[in-house]
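The values are calculated or read from the model by the stated rules, or taken from the named source; none is laboratory data. Here the structure is a predicted model, which means the values were calculated and not measured. Glycine gets a Cβ as well: all are built from the backbone with ideal geometry, and neighbour counts include every protein chain shown. Side chains are part of the model used for accessible areas, which takes the heavy atoms of the whole protein and leaves out ligands, DNA and RNA. Shrake-Rupley method; radii C 1.70, N 1.55, O 1.52, S 1.80 Å.
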Amino acid sequence: MTCIVGFAAPKPVKKLVSTSKLEPLSQTACIGIRDYVVGSLKKKPSEIKLESQISFEDTINKVKGTACQITTQSTAKSFKSIADVAKPLEAILIKQEWKEEKSGAADGSEGKIMRFNKGNNLVLLNIESSLPKDVKCAADVPIDTCYQNAKPEQIKYKIVLTGTRTTR
């Protein structure tokens with residue numbers, strides 16, 4: 001066994017404190033995203049809620065601030081799956097030169113999260129599916145089975161797009 005004399009333990013590195021914060025995309029950009037949702041999901045503007053400023057935390061980049069948020073709902077009568085909801089929204093964002101980020105993305109039986117950026121701008125797409133309480137689902141079967149057995153009008157989709165940008 002060798003003993004090293006004069007060896008000092010490394011000092012802890014101070015974490016850099018981010019001076020960045022988040023603020024909503026411009027009103028024009030938020031309205032533009034809402035209009036994409038209207039066209040892509042074949043919704044009426046009255047079926048879409050636009051909030052110009054909400055509290056928001058980007059948990060991937062550990063930055064807090066505010067964002068604009070577009071929210072709507074649909075059912076499996078209009079879209080067969082979460083992927084069917086996401087495809088037209090993803091296509092329009094990519095067409096508008098947004099780049100998909102893989103960090104923070106998630107995909108599962110009851111939800112999907114996608115992140116898109118363009119410069120210091122971020123759009124987070126979150127789609128959640130749910131079944132009403134009167135749809136009985138046995139505890140010992142995969143949740144997918146419950147969705148397969150549900151009527152299309154029973155499968156609800158909540159679609160939320162959140163738009164923010166990093167400022168210094």
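Pairs from the list Lys118/Lys151; Lys42/Lys99; Lys99/Lys133; Lys21/Lys42; Lys77/Lys136; Lys44/Lys112 with a Cα-Cα gap above 28 Å: Lys118/Lys151; Lys99/Lys133; Lys21/Lys42.
Straightening the chain between Lys151 and Glu110 buys 13.2 nm, computed as 0.36 nm per residue apart minus the Cα-Cα spacing. The convex hull drawn around the Cα atoms of the chain, when projected onto a plane and averaged over every direction, covers 16.4 nm². Give the aspartates and glutamates reachable from Lys49 as a straight Cα distance under 12 Å; neighbours fewer than 8 places away on the same chain don't count. Partners found: Asp35. Taking the charge dipole of the range 21-167 about its Cα centre, with +1 at Lys and Arg Cβ atoms and -1 at Asp and Glu Cβ atoms, the residue from Ala67, Ala138, Thr28 reaching farthest to the positive side is Thr28. Probing with 1.4 Å while keeping every protein chain in the model, the per residue accessible area of the range 21-167 equals 56 Å². Dipole magnitude for the chain: computed about the Cα centre from +1 point charges on Lys and Arg Cβ and -1 point charges on Asp and Glu Cβ, it is near 440 debye. Note on the chain: with a GNM built from Cα contacts shorter than 10 Å, the maximum mean-square fluctuation among Glu153, Glu23, Glu90 falls on Glu153.
Listed by chain and number, the aspartates and glutamates placed with their C-alpha closer than 17 angstrom to that of Lys102 are Asp58, Glu90; residues fewer than eight positions away on the same chain are left out. Only helical runs count toward this figure. For the chain, summing -39,500 (n - 2.57) over DSSP H runs of n ≥ 4 and dividing by all residues gives -6500 deg cm²/dmol at 222 nm.
Considering only Ala139, Ala29, Ala105, the Gaussian network model of the chain with Cα springs below 10 Å gives its largest mean-square fluctuation to Ala139. Sorted into 10 angstrom bins from 0, the C-alpha pair distances of the range 92-168 split as 16, 38, 24, 17, 5, 0 percent.
Compared with the dominant Cα axis of the chain, that is its longest principal axis, helix 27-40 is turned about 50°.
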